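Below: one structure, written as structure tokens.
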Amino acid sequence: GPTDYARWFNLPPSKEMRPAYEVEWSFFYEPFFILSSSAPYYYEGFKEYSYERGSFACELKARGWKFFVLNNAFVLHDGFKLTNMFEFFLNKKVRKELAKTAINHRLYRAELIAKIGSQAKKCSSLSYRTLEVLLVLAGHL
């Protein structure tokens, strides 16, 4: 992904933490990030299994924010809610939660377009919208 771990591992040693290089946001990129207090508030409508970090990162990108990888920082994530990428086909509760998430994402993007205009349209793609429709349909099986 955009983080480019090989590049990060090859950075020269440093005693201070600083931005090492800029990365571009892209679909399905869900970075962990540190923001200043001037950042827009995080959308709290995401409560189920979702793509919340990626969606918020897209909002930041649409608002003109830039993303940098820090030289001396690394985050470990202790697992994901879905251990099997096909779990939503097998578990009705998970399918329903993913369906709610897909609807939430649609509402979020509509609100975002109303707030910041056409730049927010970059936070969607045909493949992503198709996935949302499939998730909603799967939630009713």
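The values are calculated or read from the model by the stated rules, or taken from the named source; none is laboratory data. The structure presented is a predicted model; accordingly, all values stated were derived computationally and were not measured. Cβ placement follows ideal geometry from the backbone for every residue including glycine, while neighbour counts extend to all protein chains displayed.
The table below gives the values:
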{"quantity": "Residue within the stretch 46-57 that is of a type outside the set (A, V, I, L, M, F, W, C) and at pLDDT 85 or above present", "calculated": "no"}
{"quantity": "Enumeration of residues in the stretch 8-22 that are surrounded by fewer than 13 Cβ atoms within 10 Å (Cβ to Cβ), under 12 Å from PHE74 (Cβ atoms) and touching a residue at least 24 places away in the same chain (Cβ under 8 Å)", "calculated": "MET17"}
{"quantity": "From GLY64, GLY79, residue being modelled with pLDDT under 85, among the small types (Gly, Ala, Ser) and surrounded by fewer than 13 Cβ atoms within 10 Å (Cβ to Cβ)", "calculated": "GLY79"}
{"quantity": "Close pairs from the stretch 114-141: first under 22 Å from LYS61 (Cα atoms) and modelled with pLDDT under 75, partner of a type in the set (Lys, Arg) and not in a helix (DSSP H, G or I), Cβ under 6 Å, at least 6 apart", "calculated": "none"}
{"quantity": "Filter result (surrounded by 11 or more Cβ atoms within 10 Å (Cβ to Cβ) and among the acidic types (Asp, Glu)) within the stretch 23-35", "calculated": "GLU30"}
{"quantity": "Matching entry among PHE9, PHE74 (being over 17 Å from GLU132 (Cα atoms) and modelled with pLDDT of 85 or more)", "calculated": "PHE9"}
{"quantity": "Qualifying residue in the stretch 46-63 (condition: among the hydrophobic types (A, V, I, L, M, F, W, C) and in contact with a Cys (Cβ under 8 Å, 6 or more places away or on another chain))", "calculated": "yes"}
